[in-house]
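The values are calculated or read from the model by the stated rules, or taken from the named source; none is laboratory data. Quick caveat, the model's predicted, so the values are computed rather than measured. Cβ placement follows ideal geometry from the backbone for every residue including glycine, while neighbour counts extend to all protein chains displayed.
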């Protein structure tokens with residue numbers, strides 16, 4: 001059946017439903033970790049419940065979230081600013097490609113936790129990324145090559161389950177690995193899916209490690225962080 005409005009054929013409800021399905025599929029695919037650029041790494045060690053990866057030098061755009069009260073709230077607030085940045089809120093009005101995963105780094109301290117939400121920059125922009133608009137309060141963070149201990153988990157990453165996953169990774173490292181955690185009070189949650197991706201979700205806990213007998217893991221990694 002054709003629909004006519006003002007003398008012109010109007011798309012049918014089926015057309016709109018199909019378009020919405022395609023948009024949803026594209027959005028989910030972008031965040032799936034399969035259709036976007038991700039940081040390169042080498043698998044150094046693997047156990048049934050964790051692995052050690054050696055990541056190459058990486059540049060991240062980082063959104064510090066001040067006075068945050070939870071992982072979920074800080075991730076939402078920080079990602080909103082990063083989303084604006086890659087969609088033109090920069091001095092060149094440049095549209096940047098989405099990358100995966102989106103990281104939320106949590107550092108616990110007696111006075112309260114700090115949160116930084118991060119997105120890796122495409123290799124194309126890694127040297128000189130577009131400068132973000134000042135109101136976004138973003139920082140460029142550069143990692144030198146470093147080793148990361150990884151634990152994978154499914155479902156939604158939430159305030160009520162990430163602590164259990166972090167603890168499980170720490171237990172596995174204590175039992176099966178004799179390296180050193182760079183900062184026992186800091187960990188990162190890596191998310192690979194859009195919020196509307198309801199099934200087959202994929203997340204990871206990241207903790208920086210050193211002391212493993214491989215080049216790049218034998219000494220503590222480091223990073224440079226600076227505000228634009």
Q) Could you list, in sequence order, the residues of segment 167-180 that are surrounded by fewer than 19 Cβ atoms within 10 Å (Cβ to Cβ) and within 21 Å of residue 48 (Cβ to Cβ)? A) 167, 168, 170, 171, 172, 174, 175, 176, 177, 178, 179
Q | Sole residue being surrounded by 14 or more Cβ atoms within 10 Å (Cβ to Cβ), more than 14 Å from the chain's Cα centre (by Cα) and either closer than 26 Å to residue 199 by Cα or not assigned by TED's automatic domain parsing to the domain that holds residue 203 (or both), chosen from 79, 153 | A | 153
Q) Which residue, of 54, 96, is touching a strand residue (DSSP E or B) at 6+ places or on another chain (Cβ under 6 Å) and either surrounded by 12 or more Cβ atoms within 10 Å (Cβ to Cβ) or at pLDDT 95 or above (or both)? A) 54
Q.
Please determine whether any residue of segment 100-115 is in a strand (DSSP E or B), in the same structural domain as residue 194 (by TED's automatic domain parsing) and without any contact (Cβ under 8 Å) to a residue 12 or more places away in the chain.
A. no
Q: State whether one or more residues within segment 120-134 are at pLDDT 95 or above, surrounded by fewer than 13 Cβ atoms within 10 Å (Cβ to Cβ) and not in a loop (DSSP other than H, G, I, E, B).
A: yes
Q) For residues in segment 181-228 being more than 21 Å from residue 55 (Cβ to Cβ) and buried (at least 17 other Cβ atoms within 10 Å of the Cβ), which is modelled with the highest pLDDT? A) 201
Q) Of the residues 152, 142, which single one is in contact (Cβ under 8 Å) with a residue 12 or more places away in the chain and under 23 Å from residue 47 (Cα atoms)? A) 152
